[in-house]
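Remarks on the structure that follows.
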Amino acid sequence: MESTPFPLTIRASRAAQEGKRYGPSSVSPDGSTLFLARIGETTQRDILMVPLQGSGETLSAGKVTVLLETAAHEIKPMVSPNGKWLAYSVVNSNDGTDGLYVRPVSGLPAKWQLASGPTMKPILSQTGSRLFFKRLRLPGLQSVEVAEQGNALLASASKDFGSTPPPFATSPGNG
């Protein structure tokens, strides 16, 4: 992992530095770390983490750590409720590695592919035992049960969570 200075201005929508675009995606449960996706100069989207210090008007960012920087689009990082795991999607890879992944936040090189094919918007349940996500070009949601075993993560096969929109969703033509 590489650490570099990161003069981040925290805004509600996005932060920019030296012409690169950043988008915040997740904050650690204790509020001490911000996870971002960045459009790189020679790569696609990469995943970074930035320590946060202070609060309110004194909130500031520390040095950025690059967690993932490859030729593929690593997007939508989502940290687990216990702060140990990071779920993310890989899309538009040239080597066929599109899918949903989980890796330790600690930076260990281990990673687990929980679903193959283009996926979006991973989100972990409050207990951290289930991961929900959307497969691109398919209706409905998918879910995977996950469990920690030491420094490893065990996962069930992904299953269809349902294609019916929740009752609060509006249908086309209903406003």
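Data table
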{"read-out": "Cα gyration tensor shape for the stretch 2-162, rounded if a/c is under 1.5, else prolate or oblate", "value": "prolate"}
{"read-out": "Distance between modelled label sites at LYS84 and ARG137, nm, 7 Å Cα→Cβ extension", "value": "3.6 nm"}
{"read-out": "Fewest-first ranking of THR97, THR70, using other Cβ atoms within 10 Å as the exposure measure", "value": "THR97, THR70"}
{"read-out": "Rg/Rh ratio calculated on Cα atoms of the stretch 56-147 (Kirkwood radius)", "value": "1.00"}
{"read-out": "Cα-centre dipole for the stretch 42-160 with unit charges at Cβ (Lys and Arg positive, Asp and Glu negative), debye to 20", "value": "220 debye"}
{"read-out": "Segment SER125-ALA152, length gained on full extension (0.36 nm per residue, minus Cα span)", "value": "7.9 nm"}
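All of the numbers you see were taken from the coordinates with simple rules; none came from a lab. Please read all numbers here as calculations on a predicted model, not as lab measurements. Methodologically, a virtual Cβ is constructed for each residue, glycine included, from the backbone with ideal geometry; neighbour enumeration extends over all protein chains shown.
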